[in-house]
Amino acid sequence: MERLGFVSASRFDRQERFAPLGAEGQARLARSRVLVVGCGALGGALAQSMVRSGVGTVRIVDRDIVEESNLPRQVLFEPQDIGQPKALVAARALGRVGGPARIEPHVRHLDGELLRELAADVDLVLDGTDNLATRYLVNDHAVERGRSWVYGGVVGSSGLVFPVVPPAGACLRCLFPDPPPPGALPTCDSAGVIQPAVAAIAALQAGVALRLLGSPRERRTQTKSRLIELDVWSLECHGIDVPRDPDCPCCARREFSFLDADTTGEALSLCGRRTVQVRPSRSTRARIDLVGLKARLATVAQDAALLDGLLRFRIEDITCSVFPDGRALFEGTDDPLRARALYDRWLGS
Ligand SMILES: [Zn+2]
């Protein structure tokens, strides 16, 4: 999408008056390129913040379509957008903001190859994704290439923010060496989520982003490896400095197993059955606690039952069968992208 409209000298006046940024910082923002991974609740808010702040190029990648249940949190979407690809709708909405940003939407499933392509020339990657497999992939890429990224995650009323600024500081795997098996953690689809939590976490990520992009390159590495946990319901906020793990498989041993392997799993349409099979990522393959998963899905799933060693349940028009090895069948769709997205939402890969 082309640059839109004339930008007057006064557009960014208030940002330039903010001393840590100033006119030089604003000029750096205008020369910057950002990749926003995922364009749901967090990603939409992040993309909007980057465009409004005057970042030069905002690249957005998302494989999902707009659903009615997105509207309470996903600020770029309106009822008439339901059923359309999120990345394209977001780019249209952001185009109406005007300003200097070049907005580039991509309706794709992000795997290692696509990440290398889309992130090749960016200064920063912002995490607006809903699944851990993609975050470990982004972390591998960022450490390998010395590129900064900002982790963000929200469930319920709380969330986490963690900037990764290689080669200085800790990376995601210094903090959480391995992702948990699918189904082990609550997701927004099992535990719910409220909009203020999304807004708060996106704001912290965007603040880190502006600071990184607006600072001279040599000062970016002074960003602390600090994990922030914030709860908008209890008003509790914690921060811990994360030390670098001298034996971290990623940033110390430089093993990029998520980037090298098929870490985002496979989604395969089963011919003639209107069914898609999804396999978990290779790096997270572990036995799934089906009893725990059934309990976590109790409020959203219908007809959930453990039968013959597998968990079967229905959500809306899709019937899902989950096997103990993490494999799942989605009946009612022949779209691998949709099944892959539902897998990440319901099982939290
Ligand atoms: Zn590390």
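Yes or no: GLY272 at pLDDT below 85 and under 22 Å from the mean Cα position of the chain (by Cα)? Walk me through it before giving the result.
Numbers: at pLDDT below 85: yes; under 22 Å from the mean Cα position of the chain (by Cα): no.
So GLY272 does not fit the description; no.
Criterion applied to GLY348, GLY292, GLY309, GLY332 was being modelled with pLDDT of 85 or more and at positive phi, and the one residue passing it is GLY332.
Could you list, in sequence order, the residues of the range 17-50 that are aliphatic (A, V, I, L, M) and either crowded, with 21+ Cβ neighbours inside 10 Å or under 18 Å from LEU204 (Cα atoms) (or both)? Before you say what the answer is, go through the steps one by one.
In the first step, residues of the range 17-50 are kept if they are aliphatic (A, V, I, L, M); the result is 19, 21, 23, 27, 29-30, 34-37, 41-42, 45-47, 50.
Result: LEU21, LEU29, VAL34, LEU35, VAL36, VAL37, ALA41, LEU42, ALA45, LEU46, ALA47, MET50.
Every condition in (1) within 22 Å of ARG108 (Cα to Cα); (2) touching a Gly at 6+ places or on another chain (Cβ under 8 Å); (3) assigned to a strand (DSSP E or B) is met by THR319 except one, and the failing one is (1). For the range 46-100: of the residues being of a type in the set (S, T, N, Q) and without any contact (Cβ under 8 Å) to a residue 12 or more places away in the chain, which is farthest from VAL7 (Cα to Cα)? Checking each candidate, the answer is SER69.
Taking the criterion of being at pLDDT 95 or above and surrounded by fewer than 12 Cβ atoms within 10 Å (Cβ to Cβ), the residues of the range 221-238 that qualify are TRP233, SER234, LEU235, GLU236, HIS238.
Are there strands (runs of 3 or more DSSP E) fully within the range 77-186 with at least 3 residues that are of a type in the set (Gly, Ala, Ser) and either at negative phi or more than 16 Å from the ligand (Cβ to nearest atom) (or both)? List them. Spell out how you get there, then give the answer.
Numbers: elements: 102-106, 124-127, 148-155, 158-164.
Output list reads 148-155.
Within the range 319-336, the set of residues being within 22 Å of the chain's Cα centre (by Cα) and farther than 15 Å from GLY348 by Cα comprises ASP335, PRO336. Yes or no: the range 239-247 includes at least one residue that is farther than 18 Å from HIS141 by Cβ, at pLDDT below 80 and either in the same structural domain as PRO179 (by TED's automatic domain parsing) or exposed (fewer than 13 other Cβ atoms within 10 Å of the Cβ) (or both). Looking through the range 239-247, none of the residues is farther than 18 Å from HIS141 by Cβ, at pLDDT below 80 and either in the same structural domain as PRO179 (by TED's automatic domain parsing) or exposed (fewer than 13 other Cβ atoms within 10 Å of the Cβ) (or both).
Selection of the range 64-121 for residues being surrounded by fewer than 19 Cβ atoms within 10 Å (Cβ to Cβ), among the acidic types (Asp, Glu) and closer than 17 Å to LEU342 by Cα yields GLU67, GLU68, ASP111. Within the range 334-349, being in contact with a helix residue (DSSP H, G or I) (Cβ under 6 Å, 6 or more places away or on another chain) and of a type outside the set (A, V, I, L, M, F, W, C) holds for ARG345, SER349.
The values are calculated or read from the model by the stated rules, or taken from the named source; none is laboratory data. Just so you know, these numbers come straight off a predicted model, no measurement behind them. Every residue, glycine among them, receives a Cβ derived from its backbone with ideal geometry; neighbour counts consider all protein chains shown.
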